[in-house]
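J.: The structure that follows is given in the form of structure tokens.
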Amino acid sequence: MATIGKCPYSNRCGGCDYQGVPYEEQLAIKQKTVRTLLGGFGKVEPILAAEHPEYYRNKVHGVFGRDRKGNVYTGIYEENSHRIVPVRGCMIEDQKATAILQTLSEMARQFKIHIYDEDRGTGLLRHALIRTAASTGEIMVVLVITDPIFPSKNNFVKELRRRHPEVTTVVLNINDRPTSMVLGERNIVLYGKGFIEDVLCGLRFRLSPSAFYQVNSEQTAVLYKQAIDAAALTGTERVIDAYCGIGTIGLCAAKGALEVIGVELNRDAVRDAVANARRNEIKNARFVCADAGDFMVNMAAEGETADVVILDPPRSGSTAAFIESVNKLRPAKVVYVSCDPNTLKRDLELFKKSGWKIRRIQPVDMFPYTKHVETVVGLQRTNT
Ligand code: SAH
């Protein structure tokens, strides 16, 4: 398989671990990682490769900086530091987003917008976040600024749209805190709907600026198919979709289930999930904004049951309280979608100790050129 040339920023960026490594070799390394960590639980299926390993990221983030001559650039923070490495193009990011970042740098200078200086805490414009939806062509531009007053905002949007008519919504996000978090709490829609829509597994999903959405849309369809196949639904099940984001897995599973309950901590994501159910006319799904562990503990305490629990936690994995409550809810199946095989191993030990059988371990390559690997694990209850 052809591999394009090594990225010139790779040494300082730290985003890609496998620059210059042929794709087949990257897959072999990931397969070995998963086998080493999880092989003790059972056979590890061959990793599902990405058809397009480059330019896949649908979410692109640039930090604004300014050089001595006054030129504005966007870049990324150097690994483990707050120095900005100027980057003009990234081989794993959507190319339209790359072009928009470049335009935004030029426009920031043209419109004389003050660039945020982290050391002094001065300036207005901090970051740009661009999210693209390949299936619909919609693109969201989020400008992270320190103050809600953005000079010449209407002309700015007009010029951006003139140069990139593909931008369908522009949002200002206010973040005046000296934090490494990119987004602040408040969003102001400057243009369009304030969200974009993507089509995934035949359903239409809206996503807001701060809601989580899988960064590789093409491989997400592959991942979700594995998760839903592992659930082997017959139409009679109550399914819990824990750590559900904007409801994607649960809504994709809903037509095969009796009922879906999604739980998610991010309020905006839950709002999107509710809207997504309505948008797709799915009436057997509801969503709760809560900590997934607390929600499960409460459900178990109320004597509720579930037939299938799907969980897709962040890299830190799930919790002992969550897993104990799963045992109380007594589902026949658990489907664990994990983006970190280390925490997955820790959590699978807990499941195994309480009598769960690990039936299938399927790695999926969601993040080519990086060391990250996604794994879907199907578990079956064995105790009575
Ligand atoms: N299943 C979704 C999201 C997976 S990412 C998808 O495929 O798109 C993990 C999600 O867990 C994020 O949306 C994050 O906001 C959420 N999350 C993080 N900690 C949580 C917690 N303690 N309880 C519930 N949700 C949490």
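The values are calculated or read from the model by the stated rules, or taken from the named source; none is laboratory data. All values derive from a computational prediction rather than experimental measurement. Positions of Cβ are generated from backbone atoms using ideal geometry, with glycine treated the same way; all protein chains shown enter the neighbour counts. Surface areas here come from the heavy atoms of the whole protein model, side chains and all, with no ligands, DNA or RNA. Shrake-Rupley method; radii C 1.70, N 1.55, O 1.52, S 1.80 Å.
J.: Could you derive backbone 3J(HN,Hα) for the stretch 261-275 from the dihedral phi with the Karplus parameters 6.51, -1.76 and 1.60 (θ = phi - 60°), listing whole Hz in sequence and x where the residue is Gly or Pro?
T.: 10, x, 10, 7, 7, 6, 4, 5, 5, 5, 4, 4, 4, 4, 5
J.: Using 1/(1 + (r/R0)^6) with R0 = 45 angstrom and r between the beta carbons of Q102 and A332, what's the FRET efficiency to the nearest 0.05? Write down the numbers at each step before the final one.
T.: Values: r = 52 Å, r/R0 = 1.16.
Step by step, r from the Cβ atoms, then E = 0.30.
J.: Could you grab the Rg to Rh ratio for the chain? Cα atoms only, Kirkwood for Rh. Each step should come with its number before you reach the end.
T.: Working: Rg = 21.8 Å, Rh = 22.0 Å.
Result: Rg/Rh = 0.99.
J.: Ignoring ligands, DNA and RNA, what percent of the 1.4 Å accessible area of the chain is carbon and sulfur? Please report the intermediate quantities before stating the final value.
T.: Values: 8780 of 17560 Å².
Roughly 50 percent, rounded to a whole number.
J.: Restricting to Cα pairs below 8 Å that are 6+ residues apart, what does the relative contact order work out to for the chain? Please round to a whole percent. Mind showing how you got there, number by number?
T.: Working: 834 pairs, mean separation 57.6, N = 384.
So the answer I get is 15 percent.
J.: Calculate the dipole size of the chain relative to its Cα centre from +1 charges on Lys and Arg beta carbons and -1 charges on Asp and Glu beta carbons; express the result in debye to the nearest 20. Could you put the intermediate results ahead of the total?
T.: On the way: 51 positive and 44 negative charges, 71 e Å.
It comes to approximately 340 debye.
J.: I'd like the trypsin sites (Lys or Arg not before Pro) in the stretch 22-127 restricted to DSSP loop residues with at most 14 other Cβ atoms within 10 Å, sorted by number.
T.: Of the trypsin sites (Lys or Arg not before Pro), the ones in loops of the stretch 22-127 whose Cβ has at most 14 other Cβ atoms within 10 Å are K43, R68, K69, R83, R88, K112, R120.
J.: Pairs K328/K371; K43/K333; K96/K225: which are spaced more than 24 Å apart, C-alpha to C-alpha? Walk me through the numbers on the way to the answer.
T.: Details: K328/K371 35 Å; K43/K333 18 Å; K96/K225 28 Å.
With Cα atoms farther than 24 Å apart: K328/K371; K96/K225.
J.: For S135 and E166, compute 0.36 nm times the residue count separating them, minus their Cα-Cα distance, and round to one decimal in nm. Please list the in-between numbers first.
T.: Details: separation 31, 0.36 × 31 = 11.16 nm, distance 1.28 nm.
Gain on stretching S135 to E166: 9.9 nm.
J.: Moving to a separate point now. Give a quick list of GluC sites (Glu not before Pro) in the stretch 105-139 that DSSP marks as loop, anything other than H, G, I, E or B, with at most 11 other Cβ atoms within 10 Å. Don't skip to the answer; put the middle values down first.
T.: On the way: sites: E106, E118, E138; in loops: E118.
Answer by residue number: there is no such site.
J.: Assuming 0.36 nm per residue, please report the length gained on full extension of the stretch E304 to S316 beyond their Cα-Cα distance. Could the numbers behind the result be given before it?
T.: On the way: separation 12, 0.36 × 12 = 4.32 nm, distance 2.66 nm.
Extra length from E304 to S316 when fully extended: 1.7 nm.
J.: Would you kindly derive the ³J(HN,Hα) couplings of the stretch 98-104 from the backbone phi angles with the Karplus curve 6.51 cos²θ - 1.76 cosθ + 1.60 (θ = phi - 60°), listing them in order in whole Hz, with x for Gly and Pro?
T.: After applying 6.51 cos²θ - 1.76 cosθ + 1.60, I find 4, 5, 5, 4, 4, 4, 4 Hz.
J.: If contacts are Cα pairs under 8 angstrom and at least 6 residues apart, what is the relative contact order of the stretch 33-105 in percent? Don't skip to the end; give the middle numbers.
T.: Working: 82 pairs, mean separation 20.4, N = 73.
Normalised by residue count, the contact order of the stretch 33-105 is 28 percent.
J.: Which residue, S210, G123, I228, has the largest displacement toward the positive end of the dipole of the chain when charges sit on each Cβ (Lys, Arg +1; Asp, Glu -1)?
T.: The one lying farthest along the dipole's positive direction is G123.
J.: Another question about this same structure. Please find the FRET efficiency linking K69 to E25, where r is the Cβ-Cβ separation and R0 is fixed at 35 Å, and quote it to the nearest 0.05. Don't jump to the answer; show the numbers that get you there.
T.: On the way: r = 41 Å, r/R0 = 1.18.
Step by step, r from the Cβ atoms, then E = 0.25.
J.: Continuing with the same structure: So which GluC sites (Glu not before Pro) in the stretch 1-85 pass both tests, a DSSP loop state and at most 10 other Cβ atoms within 10 Å of the Cβ?
T.: Working: sites: E24, E25, E51, E54, E78, E79; in loops: E51, E54, E78, E79.
Answer by residue number: E51.
J.: Between S354 and I149, 0.36 nm times their residue separation minus their Cα-Cα distance comes to what?
T.: Values: separation 205, 0.36 × 205 = 73.80 nm, distance 5.55 nm.
That works out to 68.2 nm of additional length.
J.: How tilted is helix 23-38 with respect to the longest principal axis of the chain? Cα atoms for both, answer in degrees (0 to 90, nearest 10).
T.: Helix 23-38 sits roughly 40 degrees off the main axis of the chain.
J.: How large is the helix-only mean residue ellipticity at 222 nm for the chain, computed as the sum of -39500 (n - 2.57) over DSSP H runs with n ≥ 4, divided by its residue count, in deg cm²/dmol to the nearest 500? Intermediate values should be presented prior to the final figure.
T.: On the way: 10 runs with 115 residues, N = 384.
Computed ellipticity for the chain at 222 nm equals -9000 deg cm²/dmol.
J.: Rounded to the nearest 5, what is the percent of antiparallel bridges among the DSSP beta bridges in the chain?
T.: On the way: 45 of 74 bridges.
If we restrict to bridges inside the chain, about 60 percent are antiparallel.
J.: Compute the separation of the alpha-carbon centres of the stretch 167-201 and the stretch 57-79 and state it in Å as a whole number.
T.: 18 Å
J.: Label 7 Å along Cα→Cβ of A290; the stretch 227-264 residues with amide nitrogen under 14 Å?
T.: 240-244, 261-264
J.: Right, next: Output wanted: per-residue J couplings in Hz (rounded whole) for the stretch 288-299, from phi through Karplus 6.51 cos²θ - 1.76 cosθ + 1.60, θ = phi - 60°, x for Gly and Pro.
T.: Using θ = phi - 60°, the values come out as 10, 8, 6, 5, 4, x, 4, 4, 5, 4, 5, 4 Hz.
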